[in-house]
Structures are given as structure tokens and as C-alpha cells.
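FYI, it's all coordinate maths here, none of it is from the lab. The shown structure was predicted, so the numbers you read here are calculated from the model rather than taken from an experiment.
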Amino acid sequence: MASLFHKVARFAKSPAGKRAISEAKRMANDPHKRQQAKEAFDKIRKGSGGSRGDGRPPASR
């Protein structure tokens, strides 16, 4: 069975993978999309309040 890395590498070399890479590069150069990505990462870093922040999962109800 192929490893995950090999599967990703094989996809990246395929026509669909090349299209996906091209689209990702195009979106990465768009200032509006960059701002959206930055806000999403900031939100993830900040946390959604679902965790106590001490590495333990939220308490069950």
C-alpha cells in the first residue's frame, strides 16, 4: 500500500493535481483571499472557546 506522501505526490503530478496547484497559487496571490486565510488562522489560534486551553478536551455534559 502506498504511503500518504506517495499518494499526494502522485496526485500532484496528475492533470487534476496540476490544476489544483495552479488554482491554489492563483488564490494565494489574491490579497482578499490572503486576508481571509489570515483571519481564519487567527481565529483557530485564538480558539473557539470549546477547549480549556490546557490540553484537555472539553468536559462532557
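Odds and ends about this structure:
- Under 18 Å from the Cα of Lys13 - lysines, other chains or at least 8 residues apart: Lys25
- Geometric extent, Cα atoms of the range 4-43 - Rg, Dmax (angstrom): 13.0, 34
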